[in-house]
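The structure appears right after this line, and notes come after that.
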Amino acid sequence: MVILPAEMLSESGLAMSEAMDAVEVAITRTLTSAINTNISVKVDDNLEILAYPIGSGEPIKISLDSINRKLRRHLLHQVELELQCRRTLNEADRLKALRGVSASGEITRIDADGALFVSLEIADCYRRLILAGICPPRFQPFHERGHYTYGSVKEFYISSVVPVIVNRRSTKVRILLSRTSRELPRLLLQERSRVSGIRCLKRIPGAYSCIMTPSRIPKDVINSVGKELEEHLHVSILKTSR
């Protein structure tokens, strides 16, 4: 397939059937817009393009040689974008289970507006994933804003995992992080104490969190989470009736 370098398909990370479908969709959409007529595209060992005249008439076969160089470059670019979009959607689908969990991450960049770019290391079955997340200022406790440093490691709550378009040219998975979520102290206490059923009833980030637990949490665990969040944890044990 002259228009498609073989490595483009192999490096897409998609199953061949999905990669071929992406190619067909991209070429059909682009040519339909470019020549203002209905187009059908079939990709197997060869690339078959048929144009259907508006109104009636037999379909006309279009060869690659009849497409000018500028349009061919545009076709190639659109195919790349479609493959990337499919890959991003697949990645977002695989990572959606991360929503609602906590993860530690190293701050690798601080934007001019204060947004934190974070490198997350997450265990996934028998491997460890290194993912990039972002924590906007609105999800940072007020007392921490402007005091973060490069290379410091913090705990974050993963609030969303969504595919986004970047500059209308490419797509990527955006992992949105929070340091203000009410769920963060609960998750950290649960992870470090191995006590399940912990609830956070109220939280004012940087001041205090009201925690309810079905059983005792070791004091050193409570202190470590309080130190991480720089706030006091009011922990109460849920009393059960006999």
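The values are calculated or read from the model by the stated rules, or taken from the named source; none is laboratory data. These numbers were taken from a predicted model, which means no experiment stands behind them. Positions of Cβ are backbone-derived with ideal geometry, glycine not excepted, and every protein chain shown enters the neighbour counts. When the accessible area is computed, the model is the full protein with side chains, heavy atoms only, and any ligands, DNA or RNA have been set aside. Shrake-Rupley method; radii C 1.70, N 1.55, O 1.52, S 1.80 Å.
Here are the numbers for the structure shown:
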read-out	value
Residue among Ser209, Ser119, His74 farthest towards the positive dipole end of the chain, charges placed on Cβ	Ser209
Within the accessible area of the chain (1.4 Å probe), percent carbon and sulfur	51
GNM flexibility winner over the chain from Ala26, Ala92, Ala15 (Cα, springs under 10 Å)	Ala15
Dimensionless Rg/Rh of the stretch 103-242 - Kirkwood Rh, Rg from C-alpha atoms	1.02
Lys202 accessible area, assembled protein chains, probe 1.4 Å, Å²	100
Two-site FRET efficiency, Arg216 against Thr108, from Cβ-Cβ distance with R₀ of 35 Å, rounded to 0.05	0.40
Cβ-placed point charges (K, R +1; D, E -1), dipole of the stretch 198-238 about Cα centre in debye, nearest 20	180
Per-residue [θ]222 nm for the chain (sum of -39500 (n - 2.57) over DSSP H runs n ≥ 4, rounded to 500)	-10000 deg cm²/dmol
Antiparallel %, DSSP beta bridges [both residues in the chain], to 5	85
Net dipole in debye of the chain [+1 Lys, Arg Cβ; -1 Asp, Glu Cβ; about Cα centre; nearest 20]	1320
Exposed GluC sites (Glu not before Pro) absent - longest run of the chain, DSSP non-H/G/I/E/B, at most 15 other C-beta within 10 Å	12-229
The chain: radius of gyration over Cα atoms, expressed as a fraction of 2.2 N^0.38 Å	1.46
Taking the chain and dividing mean pair separation by its residue count, relative contact order in percent (alpha carbons under 8 Å, at least six apart)	13
Selected from Leu184, Val161, Val195, residue furthest toward positive end of dipole (the stretch 157-207; charges at beta carbon)	Val161
Gyration tensor (alpha-carbon) shape descriptor, the stretch 73-132, a/c threshold 1.5	oblate
With Cα atoms, 0 to 90° folded angle of helix 69-95 axis to the chain main axis	30
Total charge dipole magnitude, the stretch 19-145, about the Cα centre, Cβ charges on Lys, Arg, Asp, Glu only, Debye to nearest 20	240
Among Ile217, Ile67, Ile54, residue whose mean-square fluctuation peaks in a GNM of the chain (springs only between Cα atoms under 10 Å)	Ile54
Shape category assigned to the stretch 50-180 from the gyration tensor of Cα positions, a/c cut at 1.5	prolate
